[in-house]
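Okay, structure first, notes after.
The values are calculated or read from the model by the stated rules, or taken from the named source; none is laboratory data. Computed from a prediction, not measured in an experiment: that's the story for all the values here. No Cβ is skipped: glycine too gets one built from the backbone with ideal geometry, and neighbour counts run over all protein chains shown.
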Amino acid sequence: MFGPNPKDKHPMNGLPQVCFIQNTVSNPNIIIGDYTYYDDPEDSENFERNVLYHFPFVGDRLIIGKFCALARGVKFIMNGANHKMNGLSTYPFFAFQNGWEKVLPQPGELPYKGDTIVGNDVWIGYESVIMPGVTVGDGAIVAAKSVVVGDVAPYTIVGGNPAKCIRQRFSEEIIQSLVEVAWWNWEIEKITRNLEIIVAADIEALLNCE
């Protein structure tokens, strides 16, 4: 056997609380990698409700890699939440029409931070919030109830509001090796064969996996 089927919505013996969400997301601008799960006892299949202000006309994407663990209540704020800030008022008058559309923002006037990207093997804790355009690197950990307003380096633990670096999980040399070896891109047979090494802390053994 080579692990659970990534196309199975509920891989933990049917436990509905845990869902491989690539099988339930329908928005083409939300891209989820294999084996990434969302854990929520209320409705784990409806992960899209946690991706806020994600309007099609904005065009930004949420990209989440493989083998990520997303805890209950994680929220992603997308670029559609932004208001014009270079005038005296930030109120979105134009959105209410009825004559107020005359102050429709011109291209480039609304802040736009680009796609939100979560790498591979990332753990995002309970009720954390990821702001627009943030990149969370491979192997990072986001502590519960954090608000992430800037990029998170690979294999770094962050926490707080706004989230700050708590510590790196490994030395720079080991982190570079982990990013380069990218075990999450191996064939699932190779991952299964080397699970004991992947969950241990012996970088040399990982680099020599066959």
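Points to keep in mind about this one:
- Entry remark, the range 5-41: residues being over 18 Å from Asn185 (Cα atoms) and either in contact with a Phe, Trp or Tyr (Cβ under 8 Å, 6 or more places away or on another chain) or at pLDDT 95 or above (or both) number 21 in total.
- Residue list for the range 10-33, restricted to those being closer than 22 Å to Tyr126 by Cβ and not in a strand (DSSP E or B): His10, Pro11, Met12, Leu15, Pro16, Gln17, Ile21, Gln22, Thr24, Val25, Gly33
- Yes/no for Thr90 being touching a Leu at 6+ places or on another chain (Cβ under 8 Å) and of a type in the set (S, T, N, Q): no
- The lone exception for Cys209 - which of (1) outside any loop (DSSP other than H, G, I, E, B); (2) touching a helix residue (DSSP H, G or I) at 6+ places or on another chain (Cβ under 7 Å); (3) in contact (Cβ under 8 Å) with a residue 24 or more places away in the chain it fails: (1)
Per-residue answers, yes or no, for (1) among the acidic types (Asp, Glu); (2) not assigned by TED's automatic domain parsing to the domain that holds Val147:
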{"position": "Met1", "(1), (2)": "no, yes"}
{"position": "Asn27", "(1), (2)": "no, no"}
{"position": "Ile30", "(1), (2)": "no, no"}
{"position": "Asp39", "(1), (2)": "yes, no"}
{"position": "Ser44", "(1), (2)": "no, no"}
{"position": "Phe47", "(1), (2)": "no, no"}
{"position": "Val51", "(1), (2)": "no, no"}
{"position": "Lys66", "(1), (2)": "no, no"}
{"position": "Val74", "(1), (2)": "no, no"}
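- Test: residue in the range 194-204 that is closer than 30 Å to Lys7 by Cα, in contact with a Lys or Arg (Cβ under 7 Å, 6 or more places away or on another chain), of a type outside the set (D, E, K, R) and assigned to a loop (DSSP other than H, G, I, E, B): no
- Filtered residues of the range 54-76 (kept if in a loop (DSSP other than H, G, I, E, B) and of a type outside the set (Gly, Ala, Ser)): His54, Phe55, Pro56, Phe57, Val58, Asp60, Arg61, Lys66, Phe67, Cys68, Arg72, Val74
- Screening the candidates Ile166, Ile130 for the property of being within 19 Å of Ile32 (Cβ to Cβ) and modelled with pLDDT of 95 or more yields one hit, Ile130.
- Options Gly159, Gly139; residue that is under 30 Å from His83 (Cβ atoms) and assigned by TED's automatic domain parsing to the domain that holds Arg61: Gly159
- Within the range 14-38, residues that are farther than 24 Å from Val58 by Cα sit with their Cβ atoms under 8 Å from residues that are among the β-branched types (Val, Ile, Thr), at 6+ positions apart or across chains, in these pairs: Phe20/Thr36; Thr36/Ile21; Thr36/Ile64; Tyr37/Val18; Tyr37/Ile21; Tyr38/Val18; Tyr38/Ile21; Tyr38/Val74.
- Scoring Gly80 on the criteria (1) surrounded by 14 or more Cβ atoms within 10 Å (Cβ to Cβ); (2) within 20 Å of the chain's Cα centre (by Cα); (3) of a type outside the set (D, E, K, R); (4) not in a helix (DSSP H, G or I) leaves a single failure, condition (4).
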